[in-house]
Amino acid sequence: MHTIKSRLDVIVSEAMSQASGMAAEEINAQVIYATRPEFGDYQANGVMAIAKRLGKKPRDLAQEVVDAIPGNDLIAKLEIAGPGFINITLADEWLNKQASEYRIAPSNLIARLDSPQTIVVDYSSPNLAKEMHVGHLRGTIIGDAIVRIQSALGNNVIRQNHVGDWGTQFGMLIAHLESLGNQEASRSLADLEVFYREAKQRFDSEPEFAETARSYVVKLQQGDPACLEAWQRFIDESLGHCQAVYDQLGVALTQDDIRAESFYNSDLPVIIEDLRKEKLLTEDDGANCVFLDEFKGKDGSPLPVIVQKRDGGYLYATTDLAAIRFRGKELKADRILYVVDARQSLHFQQVFAVAHKAGFVSDNCELTHIAYGTMMGEDGKPFKTRSGDTVKLRDLLDESVRRAFDLVTEKNPDLAEEERHKIAKTVGIAAVKYSDLSKNRTSDYIFDWRTMLSFDGNTAPYLLYAFARIQSVIRRLAQEGVEPGNDITVTADAERRLVLKISQFSEVLQQMGKDCYPNQLCQYLYELSGTFMKFYESCPILKAEPAQQASRLGVAALTAEVLKQGLNLLGIEPLHKM
Ligand code: ARG
């Protein structure tokens, strides 16, 4: 299905091809939003580049292009401006028709892709040795938003939670677990942070314990049943903790999405053998490495990807190579997205390069690291508690809900307490998620309670409030027997702008499908709410005469629908009352 932009692109490119004699594939119409409202709604900037190639005057060519555009229902006016821009104004009639269609079939607000793909999204992926902490927040919610958006566009999305459940730490953890009585173990496992600290302390101070822990690592690798059983107990416990956080956050991950590192254990020797067969393996000081020309250290010396240590142990990269192969061959991915901290960027560049070289995935499988920056405290350093400990995710979320409760109480003291708790739960979680999603994901950002819980600016409370406000207008008119209409006729500029903005929802989503920046959707929803507020101020609904009232209420209801769908794509469920 098409967006306005994609339709304009086709119309203008065809005319450009006709006017220039060039093949349509060679042409980029460069359709963008108008840089100023007085220029119209969109503009096509592609003429200049082509005129240069043909040695023609850009404005002359622009005129020929405009002449070659056949009459159509979408465009009302074309104007040539500046050195050869084509300004495009859409037809009000078309906007009316589009809005009416959306009213009847709200699911059409999101245009499905013509050629959907199978997309594997690797996200959240915590290490299970410890509790989930704030460092896992970004990956978990950015990944979740990406998953929701890719699915809404019609792609076949497969979630993969690549949890770290293997490695030397687990020897220490199960040795500690074994040494505790059953009851003591249950108590201690209730807080994995404490459990880990206890185990680590013993490992560092009790030589006998350290010895046992090391032997358990080996036993675990050999598949010793008793060790495996203790390990499984620990893993189940830790996964339970993760699931509680996912549920609290409202992210879509479940136990079915877990494909842990240990899943790939038996594949690891095969990966080494295959790299050997491909003649990619080099022995370096007893370790097995892959050297690729494109990776050099600072001093220009070759930078190896180590895939097997001297002692025969495998590494993080080896598991990732096995995972890539599985995702390509078994899950049949066209595209694999890794939503992981930006600090792992070299790791992924290397793994992707080796995987392609070794033929573990086909050349047309697109591998992308969806990198994100670090969440900082107000002091500009990575977010910590006052005493310098990492902040547990569940504590952070609890605090946000508590703060939201105070806020709701302040704003709405007469609401029943139960109701206020319900609202606070939504607002508190939404505030944390939205403040993160609304930042450009590649930058670091400062976590700040005050702004995220503010009712002003690009925040969750602001958007939730905009939605609830529209609902209250709808409720109020419903009492007078007025329903939002399906026949939309725009009469005022602010109304037209709002309908245009609504019709651009799809374009924003398609762009996000390509480059996976959820902040684009946040920015759009924020602008949409602002456009609505202007409409609401300048186009009276409550006092309008009946036909206009129904139409305007219809536009308001449509705005609410886009807000709801948009917030849902960010993993936020809006409230009807606030
Ligand atoms: N468990 C890793 C960590 O906490 C992240 C894993 C990301 N996914 C991957 N396929 N390497 O750093």
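Listing for the model above:
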read-out	value
Estimated FRET transfer efficiency (residue 364, residue 301; beta-carbon r; R0 41 Å; 0.05)	0.80
1.4 Å probe accessible area per residue over the stretch 259-405, in Å²	51 Å²
Amide N of the stretch 146-185 lying under 11 Å from the label point, which is placed 7 angstrom from the Cα of residue 233 along Cα→Cβ	174-185
Efficiency of FRET from Cβ geometry, residue 1 and residue 183, R₀ 56 Å, rounded to 0.05	0.40
Among beta bridges that DSSP assigns inside the chain, antiparallel share in %, nearest 5	55 percent
Gain on full stretching of the segment that runs from residue 476 to residue 410 - 0.36 nm per residue minus C-alpha separation	21.3 nm
16 Å tail of the calculated P(r), the stretch 206-268, as % of Cα pairs	60 percent
Packing rank of 7-14, 33-40, where each peptide gets the mean count of other beta carbons within 10 Å, highest leading	7-14, 33-40
Computed helical MRE - 222 nm, the chain, DSSP H runs ≥ 4 contributing -39500 (n - 2.57), nearest 500	-17000 deg cm²/dmol
Average projection area in nm² (convex hull over Cα atoms of the chain, one quarter of hull surface)	33.1 nm²
Label point at residue 316 placed 7 Å out along Cα→Cβ; residues across the stretch 340-366 whose backbone nitrogen lies under 19 Å	340-355
Range of Cα positions in the stretch 43-159 per principal axis (Å), largest first	68, 42, 26
Per-peptide average of other Cβ atoms within 10 Å, ordering 545-554, 469-478, 206-215 highest first	545-554, 469-478, 206-215
Mean accessible surface per residue for the stretch 515-570, computed with a 1.4 Å probe while every protein chain stays in place, in Å²	35 Å²
Mean accessible surface per residue for the stretch 34-163, computed with a 1.4 Å probe while every protein chain stays in place, in Å²	40 Å²
Hypothetical label at residue 104: residues of the stretch 553-578 whose amide nitrogen lies under 15 Å (7 Å Cα-Cβ projection)	none
Protein accessible area in the stretch 49-175, 1.4 Å probe - carbon and sulfur %	50 percent
Residue 395 versus residue 533: modelled label distance in nm, points set 7 Å from Cα along the beta carbon direction	3.6 nm
Members of 309/514; 130/219; 277/309; 279/309 lying beyond 27 Å, as alpha-carbon distances in this model show	309/514
Relative contact order (%) - criterion: Cα under 8 Å, at least six apart; region: the chain	15 percent
Hull shadow area, averaged, the stretch 75-227 [alpha-carbon convex hull, nm²]	17.9 nm²
Spin-label pair residue 515/residue 224, simplified geometry with 7 Å Cα→Cβ offset, distance in nm	5.3 nm
Part-to-part distance (alpha-carbon centres) for the stretch 321-367 and the stretch 456-475, which is given in Å	41 Å
D_trans [Stokes-Einstein, Kirkwood Rh over alpha-carbon pairs] for the stretch 164-289, 10 °C, 1.306 mPa s, µm² s⁻¹	95 µm²/s
The stretch 273-353, accessible surface, carbon-and-sulfur percent (1.4 angstrom probe)	49 percent
Apportionment of accessible area to carbon and sulfur, the stretch 362-432, percent (1.4 Å)	45 percent
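The values are calculated or read from the model by the stated rules, or taken from the named source; none is laboratory data. Not measured: the values here are computed from a predicted model. Every residue, glycine among them, receives a Cβ derived from its backbone with ideal geometry; neighbour counts consider all protein chains shown. Each accessible area value is taken on the protein alone, full model and side chains, heavy atoms only, with ligands, DNA and RNA left out. Shrake-Rupley method; radii C 1.70, N 1.55, O 1.52, S 1.80 Å.
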